[in-house]
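Scroll down for the structure; my scribbles are underneath it.
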Amino acid sequence: MRLSNILAKQTTISLIRTGEEFWLQASCDDRPCEIGRVLERWPEAEIIRAYFPHDDMSSAEVHPQNLSELLDCFQEIQDCLQPKSRLRLQVDPGIAQLQFSEDPPANFLIRWVWGEGALHLCLPPDTAELANGWYRFGACLWQYSALSSRQLERLRHPCIKQNDLPYFLSKELPALRDAGVHAACDLAYSTEPAMDLEFTEITPECLCIQRKWTVPEDSISSTVILPGHVLSGNIVRPGLTPEQLNAMLPWEGDVCQLTGASIPQFLDDAFHRLRAWLHGDFSALQSMHRWIVPPFSWVLTASSRVVRGVGRAQAVPTACVGEDRLSAEELLKCLSQPYARLKGGWVRRRDLCTLGMNANLRLSDGTSLAPIRLSTAQLLYRGDESLAGPWLEIRCAGMPWRASSSRRAAALEHLEYLMYWGIHGGLTGGYASAAVYGPDMLASLFQRAPDARVLIVGREQDLRDFSTYCSNIPLADTEAYDAERHGQAYLLSYERLARNAVAQAVEWDVLISIEPDALGLSAADMRNSALFRLRAACRIGFFLYDPDLCPGERKSAQALFLNIPRDDALSALLIREPLRPLRLPSPCVLHPTPVAAVSETDFLPATPASEISWRHASDEQ
């Protein structure tokens, strides 16, 4: 529009209100006009330019915070205009009647009303929220200048959900009031719990809990407005409703007594939900009712199953659950219930399932958990590559390998060790060792196992001389063998051994051979000899030669008599010179294979322990 046209027409700068918005407009004869051209004609209105971002605009929005200042500008321009000026300033009556205030009116009250599980924001009638914290109530206009952006956002939000109630009631609402907001709420908040729970008795067998209501019980609404909180009157408090507590624990009045399996069930569930309100001696609770948690593992426990005074070495798969050691049968019993109590504390069935054992006493990969018969080498080396499974190691239980400064004590302890584990071995020194240590060994054996079957073989003269040292031990010839007669050892010479059917037929518990390595048998002859074919749980030889010093052929014959592989280290452990320093070799390094966990739902009726068959890792016989 040309400047000459502007001069000829009526020009208006208007401040208008559209709903809750305010606009500044420039027009000529009621048609929009660029403000830049208007100001070229009427420089006395130059102060208006600051409210238009660009000169080519004919209208611009006015923010509430600028409204009062703009009205003053209008008055200043009006005072400068001539009476007949064709520039007219016009203010909307809806703006002219507004009253600007630094504070909200005393009768302006924001309310939060409780209903349908939430607090709903209710503003007074004829109230509008403008921008940047400005509010209009009737003709009054003000700004909450002290409120943060978060607080302003809260005033815009139509409702407050249940999870936000504690924070709003305890933090946000007081802060709004401190910032000058006149606010009221149907609900209040108290940090004092609605109840108090106390352990009055903590023992290994019993837990006793006393409850006390801090508000009238009948004032507590049965409706759960928020997890872990109750509504008592109009006050929200931490706590649980009486209905929740009664469903959680078995109360008799205000006392709850827990025993047996109800203790771990409480500790695993309700205890965590009630922890905020529980008081008492928690150190005693932890000490008497601790949890055993994974990781758990498997080991093999070497033990001896003694029959008629002679052991049978076996490796029993054992679960390591904390400090407790459980056999497969014991573990199955623990798995039959949701919680089991061990020496170290309580353990959950779901945690025991990580061991991977099913109800058929097998691992999830099919590995049997029956005891494993151990060979001599497996026992002394604590394992070998054939013992595949999840086992971390073999742990020896029972009689340890002991050392003694006395020759006699060392010799007898070695012989006892051989019989305890049921492994073959002996002493150096030949007939002399047999005469010195043999009678005491037999006396000890018959004392603990009168029914032990013992055969002593040697040269005729050696046997006659040996008999003179056994005055307290009944000795008889094998021709007089009687299985029902106990506490008696039988003698048989090497010369008659091959022709004696009784000796070959009986399964002897202990076979004692005097100087078997002095027979002059080669390894092949020993393998084909009647001596080698004798069956015995434990072979004890009184050897003429030290395995460290004897020729290779005799060393092989010794190994064959003991039914062990040709192994110098192994022979040195089994054939002892009593005072020679001795120690077990380093244990074999096992390579455990991981086992997948099983589900609690996998358990079926257990296989009776009596039906578990032996599983042989190797056969010595």
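The values are calculated or read from the model by the stated rules, or taken from the named source; none is laboratory data. Just so it is clear, the model here is predicted, and its values are computed rather than measured. Heads up, the Cβs are rebuilt from the backbone with ideal geometry, glycines too, and the neighbour counts pull from every protein chain shown. Heavy atoms of the whole protein, side chains included, go into the accessibility calculation; ligands, DNA and RNA do not. Shrake-Rupley method; radii C 1.70, N 1.55, O 1.52, S 1.80 Å.
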Exercise. Could you give every pair whose Cβ atoms fall below 6 Å, whose first residue belongs to segment 276-287 and is within 20 Å of Leu240 (Cβ to Cβ), and whose second residue is among the charged types (D, E, K, R) and surrounded by 12 or more Cβ atoms within 10 Å (Cβ to Cβ), counting only separations of at least 6 or pairs across chains?
Worked result: His279/Glu198; Gly280/Glu198
For this session: Taking Ala489 as the residue in question, decide whether it is closer than 20 Å to Leu427 by Cα and in contact with a Cys (Cβ under 9 Å, 6 or more places away or on another chain).
Result: yes
Exercise. From the set of residues in segment 569-608 that are open to solvent by less than 50 Å² (accessible area, probe 1.4 Å), in a helix (DSSP H, G or I) and of a type in the set (A, V, I, L, M), which is modelled with the highest pLDDT?
Worked result: Leu574
For this session: Kindly indicate the residue of segment 158-172 that is assigned to a helix (DSSP H, G or I) and in contact with a helix residue (DSSP H, G or I) (Cβ under 9 Å, 6 or more places away or on another chain) and also least open to solvent (accessible area, probe 1.4 Å) among those meeting that condition.
Result: Phe168
Exercise. In segment 554-599, what count of residues is obtained for those that are among the basic types (Lys, Arg) and within 16 Å of Arg382 (Cβ to Cβ)?
Worked result: 1
For this session: Go through (1) part of a loop (DSSP other than H, G, I, E, B); (2) touching a residue at least 60 places away in the same chain (Cβ under 8 Å) and name the single condition Leu119 misses.
Result: (1)
Exercise. Of the residues that sit in segment 369-405 and are assigned to a strand (DSSP E or B) and open to solvent by 20 Å² or more (accessible area, probe 1.4 Å), which one is modelled with the lowest pLDDT?
Worked result: Cys396
Problem set entry | Count of segment 527-560 residues which are touching a residue at least 40 places away in the same chain (Cβ under 8 Å), open to solvent by less than 70 Å² (accessible area, probe 1.4 Å) and among the aliphatic types (A, V, I, L, M) | 6
Exercise. Any chance segment 496-506 includes a residue that's more than 21 Å from Phe542 (Cα to Cα), open to solvent by 40 Å² or more (accessible area, probe 1.4 Å) and touching a helix residue (DSSP H, G or I) at 6+ places or on another chain (Cβ under 6 Å)?
Worked result: yes
Exercise. Identify, please: which residue in segment 455-494 is at pLDDT below 90 and β-branched (Val, Ile, Thr) and is, among those, nearest to Leu521 (Cα to Cα)?
Worked result: Thr478
For this session: All but one of (1) open to solvent by less than 30 Å² (accessible area, probe 1.4 Å); (2) hydrophobic (A, V, I, L, M, F, W, C); (3) touching a helix residue (DSSP H, G or I) at 6+ places or on another chain (Cβ under 7 Å) hold for Leu511, so report the exception by its number.
Result: (3)
Seminar exercise, completed: For segment 232-245, pairs from a residue that is farther than 19 Å from Tyr167 by Cα to a residue that is of a type outside the set (Lys, Arg) and in a strand (DSSP E or B), with Cβ under 8 Å and 6 or more apart or across chains, are Thr241/Ile220; Thr241/Val230; Pro242/Ile220; Leu245/Met195; Leu245/Trp251
